[in-house]
Amino acid sequence: MTYEKLGRAASLGRRLLPYLSVLCLTVLAASAQADLTGHWSPEGRSGVVSIAFADDVGEGRVASADGREEALGRVMLRKLKASGEDRWGGELYVAPLGDFAPVTLNLLEPDRLRMTVRLRMMKRTVYWARVEPAASAADEAVE
C-alpha cells in the first residue's frame, strides 16, 4: 500500500470516528437500559416498582403496594441515567421527607440490584430482586 492510500484511509477513519463513537454510545445506552428495565421488589419486603426508560432517562413507578392503593402509579425513582457499566444515578422519593434524594443503583447480577440513597450525612442501602409482573385484575377477568 502506498503512502497516499494510507493517508486517505487515515483521513476516512478520522471522519468516521465521531459517527462510530455516537453509534457505540447509543448501543451501550440501550443495553444499559435493558438491564434495569422491569419489575423490582425490595428483598424481604412487599411492593413492586416498575422501571422503564424513555430517551435514555429512566423512571420507576409503584406497580404494587400491599394495602396502600393510593401509592399505585406514584413516581418513586426519577431522572435515572447510566453512569457506568451496570450503574445508574438518579433520585428516589423519600416519603418521610416528602421529597426526592440522590440515589445510586448498581446491577449486581441480572436479577439483583443494590440501591443506595444518601440523606444528608447518612446513607442507606437496600437490595432489590427482579420479579415477574403480577397479573392485574383485568388480566384475570379475561382468563
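Bear in mind these aren't lab numbers, they're just calculated from the coordinates by the rules spelled out. Only a predicted model underlies this, so the values are computations on that prediction, with no experimental measurement involved. Because the Cβ atoms are built from the backbone with ideal geometry, glycine has one as well, and the counts that use them run over all protein chains shown.
So which GluC sites (Glu not before Pro) in segment 68-140 pass both tests, a DSSP loop state and at most 11 other Cβ atoms within 10 Å of the Cβ?
GLU85
Short version: ³J(HN,Hα) in whole Hz for each residue of segment 45-51, in order, from phi by Karplus 6.51 cos²θ - 1.76 cosθ + 1.60 (θ = phi - 60°), x for Gly and Pro, what are they?
9, 9, x, 9, 10, 9, 9
Would any residue of segment 94-110 have its amide N under 15 Å from a label point 7 Å out along Cα→Cβ of GLU43? List them or say none.
Under 15 Å, as judged by backbone N against the label point of GLU43, lie 106-110 of segment 94-110.
Please work out how much length the chain gains when fully extended from ASP55 to GLU85, using 0.36 nm per residue of separation minus the C-alpha to C-alpha distance, in nm with one decimal.
9.0 nm
With a 10 Å radius around each residue's Cβ, average the other Cβ atoms per peptide and rank 106-113, 74-81, highest first.
Those peptides, ordered most packed to least, come out 74-81, 106-113.
Could you check the simple spin-label distance between ARG118 and ALA71, using points 7 Å along Cα→Cβ, in nm with one decimal?
Taking the two extended label points, one gets 2.6 nm.
Collect residues whose amide H, placed 1.01 Å from N in the peptide plane, falls under 5 Å from the amide H of ARG74; neighbours closer than 5 in sequence don't count.
When sequence neighbours closer than 5 places are left aside, the close amide H contacts are VAL62.
Using a cut-off of 11 Å between beta-carbons, work out the net charge of the residues near GLU91 (Lys and Arg +1, Asp and Glu -1, GLU91 not included).
My count for the surroundings of GLU91 gives +2.
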